[in-house]
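J.: Please read through the structure below; I'll follow up with questions.
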Amino acid sequence: MALKITVIGTGYLGATHAAAMAELGFEVLGLDVVPEKIEMLKRGEVPMYEPGLEELLRKHVAGIEGSSGRLRFTMDWAEVGEFGDVHFVCVNTPQKHGEYACDMSYVDAAFESLAPHLHGPALVVGKSTVPVGSADRLAARLVELAPAGEDAELAWNPEFLREGFAVNDTLHPDRIVVGVRSERAEKLLREVYATPVTAGSPFVVTDFPTAELVKTSANSFLATKISFINAMAEVCEAADGDVVKLAEAIGHDERIGKKFLRAGIGFGGGCLPKDIRAFMARAGELGADQALTFLREIDSINMRQRGQMVELAREALGGGSFLGKRVAVLGAAFKPDSDDVRDSPALNVAGQIHLQGGQVTVYDPKGMANARRLFPTLAYADSAIEAVRGADVVLHLTEWREFRELDPAVLGEAVTTRLILDGRNALDPEVWRRAGWTYRAMGRPTA
Ligand code: UGA
């Protein structure tokens, strides 16, 4: 009989994982502790913007016309405990207030709530990003709390999906990593992932600590790559070099690779910034803090980019104060194809200029509602053209396709001054300059 799967926590990770498991043919039951989320999901609606996710959900949510009916949602832990052979824990692990370490309270609460309902053999699979050593601790807690005792087993299976590509990354992962302690656990997970493994996804079996570390080290490497190229942008700026050409040229070396070398205002979002901090904190606890002191530098290079963007804008406006200056900001989300504004570099820059007296107007194709909630004092416009009307400077801070397709001649008619600063190195300087704009970006030659 086909395995029955539950998914605990229905954020980006959980909602996508639940829909993907239904797509792979399993009966799936999703649980969340937030009633509004469950109500939305039951109607086949997704609480965030993620391309393709709503379609996939509607294809499987029970009660929706024409759906497979394989995907249901509940708030009832007993129902989840009884239903599942495999339980995926997908709750989030944000940064703790005032500390670098990550907040494990949602993970801990999920285990405390689920375990007492495990009466028979069950595999609980952690997917959340956690400090190394957590799986070991949670495995013991599980056996202690579950009526099934040793038959309630743990595995760790980190997730590498990117927002904006979540559906594809989940259905066609570039690798599947499982930390297991028994053949039974490995066998069950091979069954869960049989389709992607047959299609070619590598299946890597490890112990618990390695599985946990694969996730944090992958995100640390990505963060390092971005801060490396941003450091090169700073040097290019000082030496009149061109960081975009430099990235292209070093990227031809296969050992370096082209990806994740886009210089700009740096990384944000709900993962990279908090993951490198939690990793440093955990290494400190383990007495290996020296090994990760370089991540402190990666973090500070990254945060510096935001301040430098503000200074670039000040300089472009003639130096001095932002008072009375109209500043248009294109982009609010931490990256394109997402409405996520958590630790968004774009909003950080917009907020800093606003606090210094600039009249900032923001437009983002999908992130407006979330941006308004986080920064209610900024002004917002309903389109790019409305945002730039009367602007003394335009800041391009999230590289949506919509912004690359803007016509600089049309925008030029709306602004007071044709001055554009590209914080993402994604616009074509020549196109803008030909239309009479002054184009500036960090680490790029001026015309
Ligand atoms: C990241 C990882 O890429 C995923 O593999 C991982 O699963 C996920 O975190 C997670 O831990 O859950 P995500 O947060 O969706 O995914 O965002 P990325 O695509 O990694 O982008 C992060 C930030 O880096 C964005 O602000 C982006 O604008 C910036 N970035 C990216 C650059 O500034 N330059 C680049 O070249 C690439």
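The values are calculated or read from the model by the stated rules, or taken from the named source; none is laboratory data. Computed from a predicted structure; not experimentally measured. Every residue, glycine as well, gets a Cβ built from its backbone with ideal geometry; the counts of neighbours run over all protein chains shown. What goes into the accessible areas is simple: the full protein's heavy atoms, side chains included, and nothing from ligands, DNA or RNA. Shrake-Rupley method; radii C 1.70, N 1.55, O 1.52, S 1.80 Å.
J.: Pop out the carbon and sulfur fraction of the accessible area of the chain as a percent, whole number, probe 1.4 Å.
T.: Details: 10370 of 19330 Å².
The nonpolar share, carbon plus sulfur, comes to 54 percent.
J.: If the reach is capped at under 21 angstrom between alpha carbons, list the lysines near Lys4, excluding any in the same chain fewer than eight residues apart.
T.: Straight-distance partners of Lys4: Lys42, Lys59, Lys127, Lys187.
J.: Then there is this: Working from Cα positions, state the angle (0 to 90°, nearest 10) between the long axis of helix 134-145 and the longest principal axis of the chain.
T.: Long axis of 134-145 versus the principal axis of the chain: about 30 degrees.
J.: So which of Lys37/Lys225; Lys258/Lys335; Lys96/Lys366; Lys259/Lys335; Lys225/Lys366 end up more than 25 Å apart, counting from Cα to Cα?
T.: Over 25 Å apart, Cα to Cα: Lys37/Lys225; Lys96/Lys366; Lys225/Lys366.
J.: Amide H of Ala155: which non-local residues (sequence gap of 5 or more, or other chain) have their own amide H closer than 5 Å, using H built in the peptide plane?
T.: Close amide H contacts, sequence-distant or interchain: Val124, Val125, Gly126.
J.: Can you tell me the equivalent ellipsoid semi-axes for the chain? Use √(5λ) from the Cα gyration tensor, largest first, whole Å. Write down the numbers at each step before the final one.
T.: On the way: eigenvalues 368, 118, 75 Å².
Each semi-axis is the square root of five times an eigenvalue, giving 43, 24, 19 Å.
J.: Now for a separate question. Just the accessible area per residue of the range 224-441, please: how many Å² with a 1.4 Å probe? Intermediate values should be presented prior to the final figure.
T.: On the way: 9620 Å² over 218 residues.
Spelled out: the 1.4 Å probe surface of the range 224-441, per residue, equals 44 Å².
J.: Would you grab the residues whose amide H sits under 5 Å from the one on Tyr380? Only those 5+ places off in sequence or on another chain, please, with H modelled 1.01 Å from N.
T.: Those qualifying (amide H under 5 Å, at least 5 residues apart or on another chain) are Val362.
J.: Which value, in Å², gives the accessible area per residue of the range 4-206 when a 1.4 Å probe is used on the protein heavy atoms?
T.: On the way: 8430 Å² over 203 residues.
Accessible surface, normalised per residue, equals 42 Å².
J.: Give the calculated FRET efficiency between Phe165 and Arg404 to the nearest 0.05, with a Förster radius of 22 Å applied to their Cβ-Cβ distance.
T.: Numbers: r = 18 Å, r/R0 = 0.83.
Efficiency, rounded to the nearest 0.05: 0.75.
J.: Using only the alpha-carbon atoms, how far is helix 12-23 inclined from the longest principal axis of the chain? Give it as 0 to 90 degrees, nearest 10.
T.: 50 degrees
J.: A further question follows. Relative to the compact-globule scaling 2.2 N^0.38 Å, provide the ratio for the alpha-carbon radius of gyration of the range 224-441.
T.: Details: Rg = 17.7 Å, N = 218, 2.2 N^0.38 = 17.0 Å.
Rg over 2.2 N^0.38 Å, computed on Cα atoms: 1.04.
J.: What residues qualify as long-range amide H neighbours of Val177, i.e. H under 5 Å apart, gap of 5 or more or another chain, H built at 1.01 Å from N?
T.: Val204
J.: Let me have the 222 nm mean residue ellipticity of the chain computed from DSSP H runs of 4+ only, each contributing -39500 (n - 2.57), with the sum over all residues rounded to the nearest 500. Write out the running numbers ahead of the final one.
T.: Values: 19 runs with 197 residues, N = 447.
Mean residue ellipticity at 222 nm (helix-derived): -13000 deg cm²/dmol.
J.: Assuming R0 = 41 Å, what is the FRET efficiency of Ala447 and Asp136, from their Cβ-Cβ distance, to the nearest 0.05? Mind dumping the intermediate values first?
T.: Numbers: r = 58 Å, r/R0 = 1.41.
It comes to 0.10.
J.: Report for the range 4-206 the percent antiparallel among DSSP-assigned beta bridges with both residues inside it, nearest 5. Before the final figure, lay out the partial values.
T.: On the way: 2 of 29 bridges.
Here the antiparallel bridges make up roughly 5 percent for the range 4-206.
J.: If you take the beta carbon distance between Lys187 and Arg296 as r and set R0 to 35 Å, what does 1/(1 + (r/R0)^6) give as a FRET efficiency, to the nearest 0.05? Each step should come with its number before you reach the end.
T.: Working: r = 42 Å, r/R0 = 1.20.
Efficiency, from the Cβ-Cβ distance: 0.25.
J.: Further question on the same structure: Quick one: what are the phi-derived ³J(HN,Hα) couplings along the range 231-246, Karplus 6.51/-1.76/1.60 with θ = phi - 60°, whole Hz, x for glycine and proline?
T.: Result, rounded to whole Hz: 5, 5, 4, 5, 5, 4, 4, 6, 10, 6, x, 10, 5, 6, 4, 4.
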